[in-house]
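Asker: Just passing along the structure, written as structure tokens.
The values are calculated or read from the model by the stated rules, or taken from the named source; none is laboratory data. Here the structure is a predicted model, which is why all the values come from computation and not from measurement. Here the Cβ is made from the backbone with ideal geometry for all residues, glycine too, and neighbour counts use every protein chain on show. Quick note on the areas: whole protein, heavy atoms, side chains included, nothing else; ligands and nucleic acids left out. Shrake-Rupley method; radii C 1.70, N 1.55, O 1.52, S 1.80 Å.
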Amino acid sequence: MSDSDQDYWERFLSATVVRQALDPIETAQKLFGRLSDKQKEIILFDEDEIFLGGGAGSGKTRGVIMAWATPAFEFQARGFKYDALAIRRTFPQLKEIIALGKEMLLPLGATWLEASKTFVLPGGSSLECGYCERDDDRFQYTGRAWAMIFVDEIQRYATPIFYDWIFSRLRAPIKEINGKLWRLPLKVFSTAHP
């Protein structure tokens, strides 16, 4: 581990996690309208690693996009960018996530950057859409960092190599405010259907 990595992790471990001050369900309803019970449950998850199972079209992906965007707006108001990565196994499979992201995020003022396959909220938080078809594709994410990572349809991966490795890309900005260190929560969501 390099000195800069060790310094980061020492600061990370001593920092207090920023929590949402506003009611996340109320905020999500203001942003997205009516929520299903499953979407409310997804938004309220407080764990670091969350697995969501359910049939196609059950609202898992929509719920995870909400679980990113809802705190992102609040964290931005506090001076933090809440960046996320949404992954599918192949690039063509991203079309569904991108279409859903456009439907949900563009009305909130997000910008779609086609070249980088990234949604950027007003305030700068981003949701990048990527793929990892083969285990070696994970190396395209080396040196990159996100506070939230979403692996959609994890059952499509033949080995756990990518999933285990992607945790190394979780990083959150650390800020000193009034002499105290603060950081954002780190989360990994994964979904699957039978």
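Asker: Quantify, in whole percent, the carbon and sulfur part of the accessible surface of the chain (1.4 Å probe; protein heavy atoms only). All intermediate terms of the calculation are to be shown ahead of the outcome.
Answerer: Numbers: 5030 of 9660 Å².
Answer for the chain is 52 percent, counting heavy atoms of protein chains only.
Asker: Cα extents of region 23-105 along the three principal axes, largest first, in whole Å?
Answerer: Taking max minus min along each principal axis of the Cα atoms, region 23-105 gives 36, 27, 26 Å.
Asker: Which of rounded, prolate or oblate describes the chain when judged by the alpha-carbon gyration tensor and an a/c cut-off of 1.5? List each step's numbers first, then the result.
Answerer: Numbers: a/c = 1.56, a/b = 1.11, b/c = 1.41.
It is oblate, given that a/c is not under 1.5 and a/b is not larger than b/c.
Asker: Stretch F167-D48 to full length: gain in nm at 0.36 nm per residue minus the Cα-Cα span?
Answerer: That pair, F167 and D48, stretches by 41.8 nm at full extension.
Asker: Let me ask something else. Under Stokes-Einstein, with the Kirkwood radius over Cα pairs standing in for Rh, what whole-number D in µm²/s applies to region 69-120 at 25 °C and 0.890 mPa s?
Answerer: 204
Asker: In nanometres, what is the gap between the two model label sites at Q93 and E41, each 7 Å from Cα along Cα-to-Cβ?
Answerer: The answer from the label model is 2.3 nm.
Asker: Around D83, what is the net charge, scoring Lys/Arg as +1 and Asp/Glu as -1 over all other residues with Cβ under 11 Å from its Cβ?
Answerer: That works out to +3.
Asker: Solvent-accessible area per residue for region 23-81 at a 1.4 Å probe radius, Å²?
Answerer: 49
Asker: Pairs of Cα atoms under 8 Å, at least six residues apart: use those to get the relative contact order of region 22-120, whole percent.
Answerer: 21
Asker: Determine Rg/Rh for region 59-155; Rg is computed over alpha-carbon atoms and Rh is the Kirkwood hydrodynamic estimate from the same atoms.
Answerer: Rg/Rh: 0.95.
Asker: Using only DSSP helix segments of four residues or longer, with each worth -39500 (n - 2.57), what per-residue ellipticity at 222 nm results for the chain after dividing by its residue count and rounding to 500?
Answerer: Taken over the chain, the calculation gives -10000 deg cm²/dmol.
Asker: Pairs of Cα atoms under 8 Å, at least six residues apart: use those to get the relative contact order of region 1-64, whole percent.
Answerer: 28
Asker: Percent relative contact order of the chain, based on C-alpha pairs within less than 8 angstrom and at least six residues apart?
Answerer: 28 percent.
Asker: Would you kindly state how much longer the chain becomes between L100 and A192 on full extension, computed as 0.36 nm times their sequence separation minus their alpha carbon distance, in nm to one decimal?
Answerer: Length gained, L100 through A192: 31.4 nm.
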